[in-house]
Structures are given as C-alpha cells and as structure tokens.
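Okay, structure first, notes after.
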Amino acid sequence: MKTAEIFALCMIITIISFLGFAVENIWLAITKGFIDNRNMCLPFLIGYGLAIVAIYLMFGTPAELIFFGKKLPVKSAFVRTLIYFLAVMVCVSVGEILLGTLVEKTCHLYWWDYTRLPLHITRYTSIPTSIAFSLLITTFMQLFFQPLMDWFLQMDLDTLRVTSMTFMTLMTVDFLFNAVRIFKEKKLTPIWKINTTRTLGYRLLHS
C-alpha cells in the first residue's frame with residue numbers, strides 16, 4: 001500500500017469516526033431524549049473509523065469483494081453485496097460483544113445495554129442493531145468509500161499528510177485520555193448533555 005493511500009485511509013477513519021458520533025447521538029435523540037459527548041471530548045468515535053478500515057482490509061468493498069487480500073470470483077453483484085453484508089454483520093456482532101465485555105471486565109460498567117431490544121445476543125449486540133449497522137456500512141462502502149478515496153488521493157500529498165496526521169493524533173489522544181479516565185473512575189461522565197424530548201423524532205416515536 002502506498003503512503004498516499006495510508007493517509008487517504010486515515011481521512012476515511014476521520015469521516016467515519018464523526019459519522020459514528022452522529023449516528024449514536026441520532027439514536028439517543030429519538031430513543032432516550034438526549035444527546036451528549038459520547039464520553040469523548042471531540043465529536044469523533046475512532047473505533048468506528050478503525051472498524052471500517054479493518055473491514056476494508058479484510059473484505060474490500062461490495063464491488064471488489066476480497067477475503068484477506070484474495071479476490072473472490074463472484075460475478076453476481078447481488079450475491080457479492082449479500083456476502084459482504086453478512087460478513088459485516090458477523091464482524092459487527094462479534095466486535096460489539098468483545099468490546100462491551102472488555103469494558104465490563106476492566107472498568108466494571110456497562111457501556112451500552114441492548115437487553116431491552118428483541119433478539120439480543122448478550123447485552124452488547126442484537127440482530128436488529130447488527131442489521132442496521134451492517135446496512136449503513138455496506139451502503140457506505142458501496143457508494144461512498146471509493147469516491148472518497150479517489151478524492152483524497154487527488155489532494156496535494158503534503159496537505160493530505162498534515163491533515164490526516166493532525167486528525168489521527170487528535171482522535172487518538174482524545175480516545176486514550178478518556179479511556180484512562182473511564183478506567184480510573186469506573187464510570188461514564190458526560191461533559192455535556194442536551195435534552196431532545198421536544199424534537200419531532202422523539203415525539204413521533206413516543207407518542
């Protein structure tokens with residue numbers, strides 16, 4: 001992989017990390033009636049970005065399906081997309097269980113809890129949420145991943161390097177700082193919180 005491609009992937013990580021932050025807050029806004037900082041100082045959840053790049057390195061994209069670097073000879077676009085979706089769904093489910101369990105065992109708290117949802121598997125994943133995440137990821141990888149990569153690769157290399165490394169440094173420091181804080185305090189402490197119970201989405205869902 002060329003250096004420019006690594007920097008471009010770092011920018012993809014940045015975008016997905018912000019989108020992950022936004023998606024979590026949209027879910028909270030319509031289901032629980034608030035949004036918050038998601039236990040970070042910056043509006044980025046780097047785990048989402050790293051997960052997407054890991055999926056890309058393992059499975060490529062729906063259009064260019066691979067398995068750990070080896071291209072799979074699947075001609076049907078529908079079948080490729082279905083295989084990709086199922087692979088992502090397995091990764092999402094396993095990843096959530098592993099991460100949730102790790103935080104539970106090390107920090108003695110439940111970072112999230114899906115037990116109130118139908119078809120949950122442990123408290124950390126469920127069939128509905130895994131399907132939703134997998135649909136979002138598959139759609140992004142199908143429609144937006146390669147165009148974004150191409151766009152970043154057209155940038156001036158120095159600009160791309162400085163921009164990508166700045167964002168990666170900020171997100172990494174933010175993650176480590178807050179991970180250590182949570183580990184020491186054994187609790188989640190929102191920095192800010194905004195009530196959304198008066199929004200249309202919340203009122204429609206809870207009417």
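The values are calculated or read from the model by the stated rules, or taken from the named source; none is laboratory data. Since we're looking at a predicted model, the values are computed, not measured. With ideal geometry, Cβ positions are generated from the backbone for all residues, glycine too; neighbour counts draw on all protein chains shown. In case anyone asks, the SASA skips ligands and DNA or RNA and just uses the protein heavy atoms, side chains included. Shrake-Rupley method; radii C 1.70, N 1.55, O 1.52, S 1.80 Å.
If each of A4 and W112 carries a label point 7 Å out from its Cα toward its Cβ, how far apart are those two points in nm?
In this crude label model, A4 to W112 measures out at 3.6 nm.
Rounded to the nearest 10 degrees, what's the angle between the helix 157-185 long axis and the longest principal axis of the chain, both from Cα atoms, 0 to 90?
Approximately 30 degrees, to the nearest ten.
How much of the pair distance distribution for region 1-131 lies past 22 Å, counting alpha-carbon pairs only, in percent? Display every interim value, and only then the final one.
On the way: 4016 of 8515 pairs.
Of the Cα pairs, 47 percent sit more than 22 Å apart.
So which trypsin sites (Lys or Arg not before Pro) in region 42-96 end up in coil per DSSP with only 11 or fewer other C-beta atoms within 10 Å? Could the numbers behind the result be given before it?
Numbers: sites: K70, K71, K75, R80; in loops: K75.
Listed in order of number, the matching sites are K75.
Show T101, T3 ordered by accessible area, largest first, where the area counts protein heavy atoms only and the probe is 1.4 Å.
On the way: T101 50, T3 85 Å².
So, going from the largest accessible area down, we get T3, T101.
Give, in nm to one decimal, the length gained when the segment between T31 and L170 is fully stretched (0.36 nm per residue of separation minus the Cα-Cα distance). Walk me through the intermediate numbers first.
Working: separation 139, 0.36 × 139 = 50.04 nm, distance 3.00 nm.
Length gained between T31 and L170: 47.0 nm.
Can you tell me the length gained on complete extension of the stretch N195 to H120, counting 0.36 nm per residue apart and subtracting the Cα distance? Numbers along the way, then the final one.
Details: separation 75, 0.36 × 75 = 27.00 nm, distance 2.73 nm.
Full-extension gain reported as 24.3 nm.
With a 1.4 Å probe and every protein chain left in place, work out the accessible area per residue of the chain in Å², rounded to a whole number. Before the final figure, lay out each step's value.
On the way: 12140 Å² over 207 residues.
On a per-residue basis, 59 Å².
I'd like the orientation of helix 46-59 relative to the chain: the angle between its Cα long axis and the longest Cα principal axis, in ° from 0 to 90, rounded to 10.
So the inclination is approximately 40 degrees.
Round to the nearest 0.05 the FRET efficiency obtained for H206 and A54 when R0 = 35 Å and r is the Cβ-Cβ distance. Please list the in-between numbers first.
Working: r = 36 Å, r/R0 = 1.03.
With R0 = 35 Å, the Cβ-Cβ based efficiency is 0.45.
Measure nothing fancy, just the Cα-based angle from helix 127-143's long axis to the longest principal axis of the chain, in degrees from 0 to 90, nearest 10.
40 degrees
Rounded to the nearest 0.05, what FRET efficiency is calculated for A63 and F177 with R0 set to 35 Å and r the Cβ-Cβ distance? Mind dumping the intermediate values first?
Numbers: r = 38 Å, r/R0 = 1.09.
About 0.40, to the nearest 0.05.
For the pairs K32/K105; K2/K70; K105/K193; K105/K184, flag any whose C-alpha to C-alpha distance is greater than 21 Å. Mind showing how you got there, number by number?
Details: K32/K105 26 Å; K2/K70 18 Å; K105/K193 27 Å; K105/K184 13 Å.
Checking Cα-Cα distances, K32/K105; K105/K193 exceed 21 Å.
Between beta-carbons, use under 15 Å as the cut-off and find the net charge around L205, counting Lys and Arg +1, Asp and Glu -1.
Values: positive: K32, R116, R198, R203; negative: none.
Value of the local net charge: +4.
Take the Cα atoms of region 53-124, find their three principal axes, and give me the spread along each one in whole Å, biggest first.
Cα spread of region 53-124 along its principal axes, largest to smallest: 46, 26, 12 Å.
Of A29, G201, L109, whose Cα points farthest to the positive end of the dipole of the chain (charges on the beta-carbon: +1 Lys, Arg; -1 Asp, Glu; origin at the Cα centre)?
Projecting each Cα onto the dipole axis, the largest value belongs to L109.
Among 48-61, 25-38, how do they line up from the highest to the lowest mean number of other beta-carbon atoms within 10 Å? Mind dumping the intermediate values first?
Numbers: 48-61: 18.7, 25-38: 16.4.
Top of the packing list down: 48-61, 25-38.
For region 56-207, treating each Cα as an identical point scatterer without solvent, what Debye log10 I(q)/I(0) comes out at q = 0.09, 0.10, 0.11 1/Å?
-0.46, -0.57, -0.69
From the square roots a ≥ b ≥ c of the eigenvalues of the alpha-carbon gyration tensor of region 130-176, which class results: rounded (a/c under 1.5), prolate (a/b over b/c), or oblate? Write out the running numbers ahead of the final one.
On the way: a/c = 6.63, a/b = 1.32, b/c = 5.04.
Here region 130-176 falls in the oblate category.
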